[in-house]
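Right, one structure below, let's go through it.
The values are calculated or read from the model by the stated rules, or taken from the named source; none is laboratory data. Just so you know, these numbers come straight off a predicted model, no measurement behind them. Because the Cβ atoms are built from the backbone with ideal geometry, glycine has one as well, and the counts that use them run over all protein chains shown.
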Amino acid sequence: MDLFGDLALGFGQAVTPLNLLIALAGCIVGTAVGVLPGLGPTATISLLLPISVYLDKTSAIILLSGIYYGAMYGGSITSILVKIPGEAASVITCIDGYQMARRGRAGAALTIAALGSFFAGIVATVGIAIIGPGVAQFALAFGPIEKTSLLILGFTLVLGIGEGSRVRSVAMIGLGLLLATVGVDLVTGDERFVFDVAPLRDGFNIAILAMGLFGISEVLMMAEDRDSAGKAVPTPTRLRELLPNRSEISQSAAPVMRGSVLGFFLGLLPGGGGMIASFASYMLERRISKTPDAFGKGAVAGVAGPEAANNAGAQASFVPLLCLGIPANATIGVIMGALLMAGVTPGPRLIVDHPEMFWGVIASMFVGNAILVVLNVPLVGLFVSLLRVPRAVMAMLILFFCVIGAYSLNNNMFDVATMLVFGLAGYGLRKTGFDVAPLLLAFVLGRLFEESLMQGLIIGHGEVGAFFASPLSAFFLAITVLILGLPLVLRLRGTHVSLPKNTE
Amino acid sequence: VSLIIAAGAAMIYSLLHYGLWSFGMPGSGLMPAIASAMVIIACIWTVLSGDVGEGPRFAAPALGYCSGFVAILPLTVAIGLLPALALVTVAVLRLVEGMALPRAALLAVSTALGSWLLFDRILMVPLPHGALGIF
């Protein structure tokens, strides 16, 4: 059957009244879950697994995947409005999205995020339909050694994120990696820095760290801003001012396209997904921008690119599952559980044995993205009106939101205390010139990095040379050396290079 | 300097308790050692390059907020999470922000009630009720 015939089969499955209703419900629940910190898509999908048993297997996957990419957009709303990333993939959006909101361009940021995500969703869906199954085989070339080198390159790129100096960013990356080691080591089984405190065995939760470092520390920064404590952030009231203007649209077009393609390919990698895609897109945009200094101060490209990459990555992460039977991340792992419960074994035979389900899920991505835009763009005005709340009141609402969100993760006060401690630490770090964004990103990538590094060293019998023997790994390491070494070489040769403020 | 001390302590602890290399395999202490070394070297570099600045000045309102945050934990144990949050909200809005008491109380109570409805009733999150079990 040709591609159009396959897609027609898929749309025949996805555009039934029942499946449309299920996709709508999934997107609404997903958006709500993304907005509320603490209730992540993994937990929500796990809770809804028993319900999915009562649905047809295609409908069940449509519901669960709707929640997944609905949450990706929902997380962006709080990132832009109050600087609390609802999801790990939205951390990057906090940086420029929040600054846009503070300049009175929250509506534009939210609309760009929604339309960018929609476009990326379409690109990813077309990509999955056309080249996904073939490209998925390429992803298998990424073993622990290649992944370690890719992550080292990622950490090098993280150095450029944020407002602090490069050396301070190294300190924050180290701190993030150190915090990621707390808990049981999955390779050796040792408990590290647990001190017989039971909740520490699982390590720190990403949401706890994000709410503390961004949410609580932002409340304290707001408290210092006495001039505007009783005032709200300037917000436009007319519809025309709420939407992006011509300049913002033209600034976001290319980043959205680049982010969509980058996000699609990074989403294919096992262990990939929206988080890595969004930060890689941010770094790419910053590197190629003619005005890198604008990043961190409300650059449109800093919202458009990562948001597109985030959504494309989230959707592309279905490819390793559907084509190879490998879950790309924890949420996709739970969706795999739903497939297994429905008697479907994901893998290379899925497209042959259950073509209606494979193409039905792909067609439902088109439908889900359209629903998200229809659902969210008209609500931009409502979301933006939240910013009219005076800062002092907003600070208290954020406190309620963060404390209850932290508690609801594991229903214990230890998480609340930990979040408040991270909030105070984040405030102290920001006051002393350290940016907390590299810390959080290093924390998120830390566990993946350590796991890959350990496995890579075991595969290479303890020889570091193994990381240079693989051509793909050597390529990533060469780029890392180039990024780190080139400015130094140019400086030694006396060549003047114009560098962004944070790159010393 | 605080970061150097913290990272140094973490490094010493990990070196004493977890091996860097064992049975021809990387040990569980390898990653903490690498991470601590990154923090220590970067911080020492910052200090040596004179990029330390004058030191932070913490404003009084922020310290007021911090006191409120610290009070949440013992208050929750005594009266429950939502009343504790409401009490801290009233105190901060009245004492730090100078808001009128009735307005601050109205805001705190309505937010607590809304949170109770959403989390306790709809999402069935068992919020702690405290020793007094008021809410």
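When B:I79 is tested against (1) without any contact (Cβ under 8 Å) to a residue 40 or more places away in the chain; (2) surrounded by 15 or more Cβ atoms within 10 Å (Cβ to Cβ), just one condition goes unmet, and that condition is (1). Taking first residues from segment A:391-405 that are small (G, A, S) and partners that are in a helix (DSSP H, G or I) and surrounded by fewer than 22 Cβ atoms within 10 Å (Cβ to Cβ), the Cβ contacts under 8 Å between residues at least 6 apart in sequence or on separate chains come to A:A392/A:M222; A:A395/A:M222.
Taking the conditions exactly as written (in contact with a Ser or Thr (Cβ under 7 Å, 6 or more places away or on another chain), under 26 Å from A:F193 (Cα atoms) and facing another protein chain (nearest Cβ under 9 Å)), does B:G29 satisfy them or not?
yes
Considering only segment A:284-396, give the helices (runs of 4 or more DSSP H) lying wholly within it that have at least 2 residues that are modelled with pLDDT of 85 or more and of a type outside the set (A, V, I, L, M).
Working: elements: A:301-316, A:330-341, A:350-353, A:355-376, A:380-385.
Hits in segment A:284-396: A:301-316.
Scanning segment A:438-476 for residues that are hydroxyl-bearing (S, T, Y) and under 28 Å from the mean Cα position of the chain (by Cα) turns up A:S452, A:S473.
Any idea how many residues of segment B:1-35 are of a type in the set (F, W, Y) and part of a helix (DSSP H, G or I)?
Initially, segment B:1-35 is screened for residues of a type in the set (F, W, Y), giving B:13, B:18, B:21, B:23.
Those left that are additionally part of a helix (DSSP H, G or I): B:13.
Of the residues in segment B:1-35, 1 are of a type in the set (F, W, Y) and part of a helix (DSSP H, G or I).
Look at A:V182 and say whether it is in contact with a Leu (Cβ under 9 Å, 6 or more places away or on another chain), modelled with pLDDT of 85 or more and within 14 Å of another protein chain (Cβ to nearest Cβ). Working first, answer last.
On the way: in contact with a Leu (Cβ under 9 Å, 6 or more places away or on another chain): yes; modelled with pLDDT of 85 or more: yes; within 14 Å of another protein chain (Cβ to nearest Cβ): yes.
Answer is yes for this residue.
The residues on offer are B:A104, B:A71, and the sole one that is under 15 Å from A:V403 (Cβ atoms) and small (G, A, S) is B:A71. Filtering segment A:406-429 to residues that are within 9 Å of chain B (Cβ to nearest Cβ) and either within 22 Å of the chain's Cα centre (by Cα) or under 18 Å from A:V219 (Cα atoms) (or both) leaves A:S408, A:V416, A:A417, A:L420, A:G423, A:L424, A:Y427, A:G428, A:L429. The set of residues in segment B:85-115 that are facing chain A (nearest Cβ under 10 Å), on the phi < 0 side of the Ramachandran plot and more than 23 Å from the chain's Cα centre (by Cα) comprises B:M99, B:R103, B:A104, B:L107, B:G114.
When B:F58 is tested against (1) at the interface with chain A (Cβ under 8 Å from one of its Cβ atoms); (2) assigned to a helix (DSSP H, G or I); (3) under 17 Å from the mean Cα position of the chain (by Cα), just one condition goes unmet, and that condition is (2).
Of all residues in segment B:43-55, those satisfying the criterion of being more than 7 Å from every other protein chain (Cβ to nearest Cβ) and in contact (Cβ under 8 Å) with a residue 24 or more places away in the chain are B:I44, B:V47.
Does any residue of segment A:264-276 turn out to be at pLDDT below 85, in contact with a Cys (Cβ under 7 Å, 6 or more places away or on another chain), in a helix (DSSP H, G or I) and crowded, with 19+ Cβ neighbours inside 10 Å?
No, segment A:264-276 has no match at all.
Every listed requirement among (1) crowded, with 20+ Cβ neighbours inside 10 Å; (2) within 9 Å of chain A (Cβ to nearest Cβ) is met by B:V70 save one, (1).
Look at segment A:168-181 and say how many of its residues are more than 14 Å from A:L445 (Cα to Cα) and assigned to a loop (DSSP other than H, G, I, E, B). Talk me through it step by step, then tell me what you get.
Residues of segment A:168-181 more than 14 Å from A:L445 (Cα to Cα): A:168-171.
With assigned to a loop (DSSP other than H, G, I, E, B) added as a condition, the list becomes none.
Number satisfying all stated conditions: 0.
Within segment B:100-117, being within 17 Å of A:V219 (Cβ to Cβ) and modelled with pLDDT under 90 holds for one residue alone: B:S115.
Against the list (1) more than 11 Å from every other protein chain (Cβ to nearest Cβ); (2) within 21 Å of A:M222 (Cα to Cα); (3) buried (at least 21 other Cβ atoms within 10 Å of the Cβ); (4) among the small types (G, A, S), the condition A:A395 fails is (1).
Considering (1) modelled with pLDDT of 85 or more; (2) in contact with a helix residue (DSSP H, G or I) (Cβ under 7 Å, 6 or more places away or on another chain), the lone condition that A:F195 does not fulfil carries the number (2). Taking segment A:13-111 and the helices (runs of 4 or more DSSP H) fully enclosed by it, the elements with 3 or more residues that are at pLDDT below 80 are at A:17-35, A:41-53, A:57-82.
The requirement of being under 21 Å from A:F193 (Cα atoms), at pLDDT 90 or above and either more than 8 Å from chain A (Cβ to nearest Cβ) or surrounded by fewer than 21 Cβ atoms within 10 Å (Cβ to Cβ) (or both) is satisfied by B:I40.
Residue by residue, here is whether (1) closer than 21 Å to A:G456 by Cα; (2) surrounded by fewer than 18 Cβ atoms within 10 Å (Cβ to Cβ); (3) touching a helix residue (DSSP H, G or I) at 6+ places or on another chain (Cβ under 9 Å) holds:
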site: B:L3; (1), (2), (3): no, no, yes
site: B:A6; (1), (2), (3): no, yes, yes
site: B:T46; (1), (2), (3): no, no, yes
site: B:G50; (1), (2), (3): no, yes, no
site: B:Y65; (1), (2), (3): no, no, yes
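Inspect all residues belonging to segment A:427-438 and state whether any of them is among the aliphatic types (A, V, I, L, M), within 13 Å of A:A210 (Cα to Cα) and buried (at least 24 other Cβ atoms within 10 Å of the Cβ).
From segment A:427-438, those among the aliphatic types (A, V, I, L, M) are A:429, A:436-437; that's our starting set.
Right, trim to within 13 Å of A:A210 (Cα to Cα) and you get A:436-437.
Right, trim to buried (at least 24 other Cβ atoms within 10 Å of the Cβ) and you get A:436-437.
Yes, because at least one residue in segment A:427-438 is among the aliphatic types (A, V, I, L, M), within 13 Å of A:A210 (Cα to Cα) and buried (at least 24 other Cβ atoms within 10 Å of the Cβ).
Of all residues in segment B:14-24, which are surrounded by 16 or more Cβ atoms within 10 Å (Cβ to Cβ) and either touching a residue at least 12 places away in the same chain (Cβ under 8 Å) or at the interface with another protein chain (Cβ under 7 Å from one of its Cβ atoms) (or both)?
Let us first name the residues in segment B:14-24 that are surrounded by 16 or more Cβ atoms within 10 Å (Cβ to Cβ), namely B:14, B:18-19.
Selection gives B:S14, B:Y18.
Each residue in segment A:186-223 was checked for being within 8 Å of chain B (Cβ to nearest Cβ) and surrounded by 21 or more Cβ atoms within 10 Å (Cβ to Cβ), and 5 pass.
In segment A:430-449, of all residues being β-branched (V, I, T) and part of a loop (DSSP other than H, G, I, E, B), the one that is nearest to the other protein chains (Cβ to nearest Cβ) corresponds to A:T432.
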